[in-house]
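Have a look at the structure below, then the notes.
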Amino acid sequence: MSFTFNDLKKHCEHNWRDYLQHDFVCKLGDGTLAPDAFRHYLKQDYLFLIQFGRAFALAAYKSPTLSDLRHAKAGLDAIIDLELGLHIDYCNQWGISEQELAALPEARATLAYTRYVLDTGNRGDLLDLHVALAPCLVGYAEIASWLTKQPATVRGDANPYEAWIAMYESAEFQAAARAEIAWLNERLAEVPASRFKQLCRIFDDATRLEIDFWDMGLELRM
């Protein structure tokens, strides 16, 4: 039997839907999210992205082929050069300086998720690591695409979170997500059912931790 990324999503369909359609996401889309909740999320997401950059660097270290190494580098570039750079600029627009970001403590949800990914990558193989990373990279691309299709989503200057939606629906970010799915599909096609079951647990755990990250932002948890 040949598996795909869609099979991972189907395995945790309920949690995947709760992640993509979380109240935090919906409020981003219709522009009703409390500014303090968004600022809290932005600050923690900066710390989150730094750790995810480390995770892609670990993927590069674990890459057995030049093709895998190039894919890991592309993911690292997407995090460090595209997403993190835009994130810092966006934080400045919200009155959050890079100096403030650098001095922030990590919230428990940030610690739990990022360290789970790094631990999964350290004790497992390259596929384990990429499956743990997928809910972030692929999930944010799917969230942006989902929001653009919702009647309640407000676009343009009327939505204070327009730039956030635009960042993740950008051609560059969507291309990075498609590349990740293609990489995963190629590897998942070769795994036996017993191995796929292990990967489903990793994917479901990471998705649940993404939900906790939205909860953290919405409820201003530390």
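Based on what the data block shows, is residue 178 assigned to a helix (DSSP H, G or I), without any contact (Cβ under 8 Å) to a residue 60 or more places away in the chain and at negative phi? Yes: the conditions hold for residue 178.
For the stretch 188-222: of the residues being among the β-branched types (Val, Ile, Thr) and part of a helix (DSSP H, G or I), which is farthest from residue 126 (Cα to Cα)? Here the answer is 211.
When each of 142, 162, 169, 100 is tested for being closer than 26 Å to residue 32 by Cα and modelled with pLDDT of 95 or more, the lone residue that passes is 142. Of all residues in the stretch 61-81, exactly one satisfies the criterion of being in contact with a helix residue (DSSP H, G or I) (Cβ under 8 Å, 6 or more places away or on another chain) and either closer than 14 Å to residue 163 by Cβ or acidic (Asp, Glu) (or both), namely 68.
Here 68, 36, 77 are screened, and the one residue that is surrounded by fewer than 20 Cβ atoms within 10 Å (Cβ to Cβ), free of Cβ contacts under 8 Å to residues at least 12 places away in the same chain, of a type outside the set (S, T, N, Q) and farther than 21 Å from residue 112 by Cα is 77.
For the stretch 23-48, the set of residues classified as within 14 Å of the chain's Cα centre (by Cα) and not β-branched (Val, Ile, Thr) consists of 41, 42, 44, 45, 46, 47, 48, listed by residue number.
Could we say that residue 185 is touching a residue at least 12 places away in the same chain (Cβ under 8 Å), in contact with a helix residue (DSSP H, G or I) (Cβ under 8 Å, 6 or more places away or on another chain), under 17 Å from residue 10 (Cα atoms) and surrounded by 15 or more Cβ atoms within 10 Å (Cβ to Cβ) here? So residue 185 fits the description; yes. Being among the small types (Gly, Ala, Ser) and either within 14 Å of the chain's Cα centre (by Cα) or crowded, with 18+ Cβ neighbours inside 10 Å (or both) is the filter here; which residues of the stretch 193-222 pass it? Those that are among the small types (Gly, Ala, Ser) and either within 14 Å of the chain's Cα centre (by Cα) or crowded, with 18+ Cβ neighbours inside 10 Å (or both): 206, 217.
Right, residue 19: touching a residue at least 24 places away in the same chain (Cβ under 8 Å), in contact with an Asp or Glu (Cβ under 7 Å, 6 or more places away or on another chain) and hydroxyl-bearing (Ser, Thr, Tyr) or not? So residue 19 fits the description; yes.
Determine whether residue 185 is modelled with pLDDT of 95 or more, not in a loop (DSSP other than H, G, I, E, B) and not hydrophobic (A, V, I, L, M, F, W, C). Here the answer is yes, as residue 185 does meet what is asked. Could we say that residue 133 is within 13 Å of the chain's Cα centre (by Cα) and crowded, with 19+ Cβ neighbours inside 10 Å here? Judged against the criteria, residue 133 is a match.
The values are calculated or read from the model by the stated rules, or taken from the named source; none is laboratory data. Since the model is a prediction, treat every value here as computed from it, not as a measurement. Ideal geometry is used to build each Cβ from the backbone, glycine not excepted, and the neighbour counts take in all protein chains shown.
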